[in-house]
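Notes follow once the structure below has been shown.
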Amino acid sequence: MKQRLGVAQALINAPKLLLLDEPTSALDPMGRKDVLDMLTTLRGRTTVFFSTHILADVERVCDTVAILDLGRVVAQAPIEELKARYGQQKVMVEVTEGADELAEEIGRQTWATAVARGSNGAIEITVKDVGAAQLQIPAMVAARQIGLSRMDAGEMGLEEVFVELVGGERR
């Protein structure tokens, strides 16, 4: 309630600029939703700067993002532009068996740039041609006569872009 009260107090005079530090920290899911919904309603009337490590919140309410690394801005752009510039296409596949062999075969394809194995038959593939992957993966699965439990395609989210930009492996 203190967090909500603080945000409400900041909005009383209809400011043109609002600076918030971790506005959803320590809130329950309904409180987070309320605060994020309120921030969304400010679009066009108030410029809101907020810092957070919850990148799903950023994707939900922000138009433009600045990514900082060690106090230095490494990227600043609209979210969609950042995802297009730094993001990559991903395909997630789950099979009933033979995931290791399928992952090896997928790794040899020209449209696959990286292949990672998850648990329970999951394979995460970074691709440069989603269409080719969507056509060829089911054919590979059928040729091996194994079950395809799931296949999803999509782009990297803001979190993956952030990790790519700030070098997540060194943290």
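Read the figures in this text as sums done on the coordinates, not as results from a lab. Worth saying up front: this structure is predicted, and the values here are computed from it rather than measured. As a convention, Cβ positions derive from the backbone with ideal geometry for all residues, glycine included, and neighbour counts pool all protein chains shown.
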Practice item. Would you grab the residues whose amide H sits under 5 Å from the one on ASP69? Only those 5+ places off in sequence or on another chain, please, with H modelled 1.01 Å from N. Key: VAL74
Point to revise | Value of relative contact order over region 88-155, rounded to a whole percent, pairs C-alpha under 8 Å and six or more apart | key: 48 percent
**Study point:** Principal axis dimensions, region 25-99 - Cα atoms, whole angstrom, descending
**Key:** 53, 32, 26
**Study point:** region 1-43: trypsin sites (Lys or Arg not before Pro) in DSSP loop, at most 15 other beta carbons within 10 Å
**Key:** LYS16, ARG43
Revision key, fill the gap. A convex hull over the alpha carbons of region 65-155 yields, per residue, a volume in Å³ of 110 Å³
Revision key, fill the gap. Computed over the chain: longest principal axis from alpha-carbon atoms vs helix 130-144 long axis, angle to nearest 10 degrees, is 40 degrees
Point to revise | J(HN,Hα) series, region 109-120, from Karplus relation 6.51 cos²θ - 1.76 cosθ + 1.60, nearest Hz, glycine and proline x | key: 7, 5, 7, 9, 9, 7, 10, 10, 8, x, 8, 6
Check your understanding: For region 103-171, what does the equivalent ellipsoid look like in terms of its semi-axes, each the square root of 5 times an eigenvalue of the Cα gyration tensor, given largest first in whole Å?
Key -> 25, 13, 11
Check your understanding: So what are the radius of gyration and Dmax for the Cα set of region 27-71, in Å?
Key -> 11.3, 32
Point to revise | Under 5 Å, built H, 5+ apart or other chain: amide partners of PHE50 | key: LEU20
Exercise for review: Project the alpha carbons of region 1-138 onto their principal axes and report the range along each, largest first, in whole Å.
Suggested key: 61, 29, 29
Check your understanding: How far, in degrees from 0 to 90, does helix 2-11 lean away from the longest principal axis of the Cα atoms of the chain, to the nearest 10?
Key -> 70 degrees
Check your understanding: Which order do PHE50, PHE162 fall in if you start with the one that has the fewest other Cβ atoms within 10 Å?
Key -> PHE50, PHE162
Check your understanding: So what are the radius of gyration and Dmax for the Cα set of region 2-62, in Å?
Key -> 10.7, 28
